[in-house]
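Working notes, structure below.
The values are calculated or read from the model by the stated rules, or taken from the named source; none is laboratory data. Keep in mind that what you see is a predicted model, and the values were worked out from it rather than measured. Cβ placement follows ideal geometry from the backbone for every residue including glycine, while neighbour counts extend to all protein chains displayed.
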Amino acid sequence: MIKVLQVVCNNEFNGTERYVVDLARHLPRDKFKVFVATPKIGPLSSILRESGIDEVCYDNGKCGFYSLKGLKNLYRIMRDLKIDIVHANAKTQPCLIAKLAGVKLIVETRHGIFYSKEQLDDLSFARKCYEYSKQFFVDYFIATSENDKAKLEDQFRINKRKIEVIYLGIDFDEIKNKGINIFETQMEKETGVFLIGHVGRMTYQKAQEYLISAFAIIEAKYHFARLVLVGSGENEDKLKKLVKEMGLEDKVEFRGYIRDIYKVMQTFNIHVLTSRYEGTGYVNLEAMALGVPFITPDVGGATNFFTSGVDCMISRLEDSASTALAIETLIADKELRDNIIRNAFETVAKYPVQRMAKETGEFYCRRLSK
C-alpha cells in the first residue's frame, strides 16, 4: 500500500481543497492510502470526515502560511506515518520538509501561476531565482494546463522533464447526489431580473473590483441586472466600500462563504470571473455542468480548455470594459446563451474526476518506480 500525504495550508473548501478531496476520494483504495494534512480544524475537516478520508492536523496555528511549529509537526507526521509520497498543494515548504524526512516521491501541484501579468513583467531577479530554486526540493510538478506548463518553463526555467500536465476533473456523481440536475439546459428564469453571479475568495487574485466596475457599466443600461458575490476573504470590506461609493448597494448582494454552492449557482443567468491569475478554475467547469454560461479572463488554462463564443466567453485580462461587453453580449443574445450551454456540456463531459484520479495514480506509480 502506497501512503500519500496531501498537504494544504487552508481549511475552507475552495478550488485547491476541492482538488485534494477529489483525489483522495477517487484514487484506487487498493493501491493508495491517502491522508490529508490540514493546518487546523475547520470546514474542510467535516468534509473529509463525511468522505471517510483520514485528516492529520499539523496544528499550524494559522492558515495561508506555514509556521515553524506547523512544519515541525509536518516532519513528525511524515516520519511517524512512513509516508511514501508527499503531494503539496500550496507553497513549497512541505516539499523541503519531505526532503528532510526522506520521503520517496515529492510532488507539487501548481494551481495556476500565482502572479498577475504585471507582476510577472516586473518580477525581480531574486524572485525569479526563488521560483527557479523550487525544483531542487520538488521531484515533479503537476500543472493543470499546457499554458501553465509553458509559463513554468519560460518564466522560471523549470526543467520540462519535471512537469506533468494533468487536467482537472469534475465529480459529476457528487453533484447529482446533492439533488442537482446537470447537463440540462435551464428554463429561462422569469424573475424580472438578470442575475450575474460570481463565486470565489475575495482576494487580490480574484480581482472582483474589475467585476464590480463592469457591473456598473451594465447596470447603467440594463436596470434589471443584479450582481451576486459568493465568498469571503480579506478584500471583502474593501469591495463593499467600492460598491457603496458607486451607489450600487441596492443592486449588489454579498452572500458570504457558502459550502454547497451548486443550487446557488443554478440561480445565476451567467457566471463571471475576473481573476488576475488562475489555473483553470473549478468554478468554470462547475458552471458548464450546471448549465450556466460563464465569462472568464484570458488567463491560466482558459484557452487550453475553452473556446470563446462557443462554450464560454473569454474577456481580456484586467479589463472591466471587455468584461462588460461580454456580459452585454450574453444579456442581449439568448440564442448565443443557449448555444454556449449546449456546447459547454460537450466540453466538460470530457473531464470527469475519474480521469483526473486515474492519470494522477498512474503518474504516482510511474514516478515512484524511478
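Here are some notes:
- Residues located in segment 316-328, provided they are surrounded by 19 or more Cβ atoms within 10 Å (Cβ to Cβ) and either at pLDDT 95 or above or among the charged types (D, E, K, R) (or both): S320, S322, T323, A324, A326, I327
- Count of segment 1-16 residues which are aliphatic (A, V, I, L, M) and either surrounded by fewer than 22 Cβ atoms within 10 Å (Cβ to Cβ) or free of Cβ contacts under 8 Å to residues at least 40 places away in the same chain (or both): 2
- When we screen D59, D80 for residues that are assigned by TED's automatic domain parsing to the domain that holds V8, of a type in the set (D, E), free of Cβ contacts under 8 Å to residues at least 24 places away in the same chain and assigned to a helix (DSSP H, G or I), the only hit is D80.
- Here segment 121-139 is the region considered, the condition is being in contact with a helix residue (DSSP H, G or I) (Cβ under 6 Å, 6 or more places away or on another chain) and either of a type in the set (A, V, I, L, M, F, W, C) or buried (at least 21 other Cβ atoms within 10 Å of the Cβ) (or both), and the residue that is farthest from N159 (Cα to Cα) is F137.
- Count of residues meeting criterion [in contact (Cβ under 8 Å) with a residue 12 or more places away in the chain and either among the aliphatic types (A, V, I, L, M) or assigned to a strand (DSSP E or B) (or both)] in segment 119-133: 2
- Residue in segment 329-337 that is over 30 Å from N235 (Cα atoms) and either touching a residue at least 60 places away in the same chain (Cβ under 8 Å) or crowded, with 16+ Cβ neighbours inside 10 Å (or both) present: yes
- Every listed requirement among (1) modelled with pLDDT under 90; (2) of a type in the set (G, A, S); (3) outside the structural domain of K263 (by TED's automatic domain parsing) is met by A143 save one, (1).
- For segment 102-118, the criterion of being small (G, A, S), without any contact (Cβ under 8 Å) to a residue 12 or more places away in the chain, out of contact with any helix residue (DSSP H, G or I) (no Cβ under 8 Å at 6 or more places or on another chain) and closer than 29 Å to T280 by Cα is met by no residue.
- Any hit, segment 116-126, residues being in contact with a His (Cβ under 7 Å, 6 or more places away or on another chain) and either at pLDDT 90 or above or under 30 Å from A324 (Cα atoms) (or both): no
- Count - residues of segment 17-56 that are touching a Cys at 6+ places or on another chain (Cβ under 9 Å), under 15 Å from A88 (Cα atoms) and in contact (Cβ under 8 Å) with a residue 40 or more places away in the chain: 1
- Filtered residues of segment 255-295 (kept if part of a strand (DSSP E or B) and crowded, with 16+ Cβ neighbours inside 10 Å): I270, H271, V272, F294, I295
- Per-region count, segment 69-91, residues within 21 Å of N10 (Cα to Cα), surrounded by fewer than 23 Cβ atoms within 10 Å (Cβ to Cβ) and touching a strand residue (DSSP E or B) at 6+ places or on another chain (Cβ under 6 Å): 2
- A search for C-beta distances below 6 Å between a residue of segment 234-263 that is without any contact (Cβ under 8 Å) to a residue 24 or more places away in the chain and not assigned by TED's automatic domain parsing to the domain that holds Y222 and any residue that is hydrophobic (A, V, I, L, M, F, W, C) and part of a helix (DSSP H, G or I), counting only pairs 6+ apart in sequence or on different chains, returns nothing.
- Considered as a group, the residues in segment 137-157 that are of a type in the set (D, E, K, R) and part of a helix (DSSP H, G or I) include one that is nearest to T303 (Cα to Cα), and that residue is E146.
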